[in-house]
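Worksheet: the structure to be examined is printed underneath.
The values are calculated or read from the model by the stated rules, or taken from the named source; none is laboratory data. Note that the structure is predicted; figures quoted are calculated from it, not measured. Counting neighbours? That spans all protein chains shown, and the Cβs are built from the backbone with ideal geometry, glycine included. Heads up: the accessible areas ignore ligands, DNA and RNA and are worked out on the full protein's heavy atoms, side chains in. Shrake-Rupley method; radii C 1.70, N 1.55, O 1.52, S 1.80 Å.
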Amino acid sequence: MEGGEQPAEMAYDWHRYDKALLTEALDNGRPVFIDYTAAWCITCQVNKKLVLDTPSVQALFKKNNVLLIRADWTRYNPEITQALQDLGRNSVPVYAWYPAGEKKPELLPPLLQESLIAALFSKHLTVNSEDG
């Protein structure tokens, strides 16, 4: 890496997996998106490059105050292994979406598209609009 260049995870507001950070965000009703990934996972890398780390998707996350967590399982971190098991999974990619105010995640499909991410916020707005 050259001079002041940052890794892709740092270029946007991605946080390393931290169960305490996740719990705090969920307790505060903040939406959370977790990218369970690994350097050796080709699908993970394609989804990062073509969807998750694009300016348009990052703008959607920022606009909706989403806490972004990247759970890097490249070296089979035991804490991330347990988190995957808690979700009923034993491989990556796994994309866990916690809408605002929800404590249980919606698991997204392994192949992401920008329209799928945008729809997460459309669904949430639709649910909220029924209140009024």
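Give the number of residues within the stretch 104-132 that are farther than 17 Å from Gln45 by Cα and either surrounded by 14 or more Cβ atoms within 10 Å (Cβ to Cβ) or modelled with pLDDT of 95 or more (or both).
The number of residues fulfilling the criteria is 11.
Could you give me the residue pairs with C-beta distances under 6 Å whose first residue belongs to the stretch 66-79 and is within 24 Å of Glu102 (Cβ to Cβ), whose second residue is of a type in the set (A, V, I, L, M, F, W, C) and in a strand (DSSP E or B) wherever it lies, and which are 6+ apart or on separate chains?
Close Cβ pairs satisfying both conditions: Val66/Phe33; Leu67/Val32; Leu68/Trp14; Leu68/Phe33; Ile69/Ile34; Arg70/Trp14; Ala71/Ile34.
A quick yes/no check of all residues on (1) exposed (fewer than 12 other Cβ atoms within 10 Å of the Cβ); (2) among the hydroxyl-bearing types (Ser, Thr, Tyr); (3) modelled with pLDDT under 95:
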residue: Glu2; (1), (2), (3): yes, no, yes
residue: Pro7; (1), (2), (3): yes, no, yes
residue: His15; (1), (2), (3): no, no, no
residue: Lys19; (1), (2), (3): no, no, no
residue: Glu24; (1), (2), (3): no, no, no
residue: Asn28; (1), (2), (3): yes, no, no
residue: Phe33; (1), (2), (3): no, no, no
residue: Ala39; (1), (2), (3): yes, no, no
residue: Ile42; (1), (2), (3): yes, no, no
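Across the stretch 59-76, what is the number of residues that are open to solvent by 60 Å² or more (accessible area, probe 1.4 Å) and part of a loop (DSSP other than H, G, I, E, B)?
Count: 3.
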